[in-house]
Amino acid sequence: MVRMSAEERRESVIRAAMREFARGGYHGTSTEAIAKRVGVSQPYLFRLFPGKKAIFLAASERCLEDTRRVFREAAEGLTGEEALHAMANAYTRLIAEQPDRLLMQMQVYVAVAAAEEAGDHEFGEAVRAGWMELWETVHLPLGADVGETTTFLAYGMLINTLVAMGFPPEHRVWEGFYPSARRLGRLEK
């Protein structure tokens, strides 16, 4: 058996944490479940990360980073409406093929709100910084147009919400969306 390096193990923990937190949220997910999914002990997990919050933050940052990468790659060499459709279609594929990415995003937003309410602003600041990078990633290919960027992200958040709530693709709430967005209503939970 080939032994993993600490960095490879750390990556395994982040992937496992994304899956566990996507399903159970921050408070509903134990570090024991994450360690079990990876096949390590909890003490080893805490050698890689100082605590549960650090694991969640790493998973949150990875979720945003992956979404930025998808947008960046889709829009490469494109601008305006071509970039918009390429990014929208790429994101549609991402959450259709990896629904835990969508669920993780939703959990991140809930966790930020809960942390802010509890007076923990550090977590929210880190997530907001990552989200602003996401905003910039979309903004430039859309011609640095604030209105286009806002509309694109607003539609994306609405799609996230409709998919997370399980609206089927034939529901009237999907009318007016482009066809690839309507397909998201078929995602299984």
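The values are calculated or read from the model by the stated rules, or taken from the named source; none is laboratory data. Just so it is clear, the structure is predicted and the values come from calculations on it, not from any experiment. Here the Cβ positions follow ideal geometry from the backbone for every residue, glycine too, while neighbour counts run over all protein chains shown. What goes into the accessible areas is simple: the full protein's heavy atoms, side chains included, and nothing from ligands, DNA or RNA. Shrake-Rupley method; radii C 1.70, N 1.55, O 1.52, S 1.80 Å.
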Query raised in the report: Which of (1) assigned to a helix (DSSP H, G or I); (2) open to solvent by 40 Å² or more (accessible area, probe 1.4 Å) does Thr137 not meet, given it meets every other one?
Result: (2)
Query raised in the report: Can you tell me how many residues in the range 10-53 are surrounded by fewer than 18 Cβ atoms within 10 Å (Cβ to Cβ), of a type in the set (Lys, Arg) and over 21 Å from Thr67 (Cβ atoms)?
Result: 4
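Is it the case that the range 150-157 has a residue that's surrounded by fewer than 18 Cβ atoms within 10 Å (Cβ to Cβ) and either in contact with a Lys or Arg (Cβ under 6 Å, 6 or more places away or on another chain) or basic (Lys, Arg) (or both)?
Taking the range 150-157 first, the residues surrounded by fewer than 18 Cβ atoms within 10 Å (Cβ to Cβ) are 150-151, 153-155, 157.
Next, from what is left, pick out any that are either in contact with a Lys or Arg (Cβ under 6 Å, 6 or more places away or on another chain) or basic (Lys, Arg) (or both): none.
Looking for residues that are surrounded by fewer than 18 Cβ atoms within 10 Å (Cβ to Cβ) and either in contact with a Lys or Arg (Cβ under 6 Å, 6 or more places away or on another chain) or basic (Lys, Arg) (or both), one finds none in the range 150-157, hence no.
Please go through the range 140-181 and pick out each residue that is farther than 17 Å from Leu102 by Cβ and assigned to a helix (DSSP H, G or I). Spell out how you get there, then give the answer.
First, pick out the residues of the range 140-181 that are farther than 17 Å from Leu102 by Cβ: 140-151, 170-172, 175-176, 178-179.
Val146, Gly147, Glu148, Thr149, Thr150, Thr151, Arg172, Pro179, listed by residue number.
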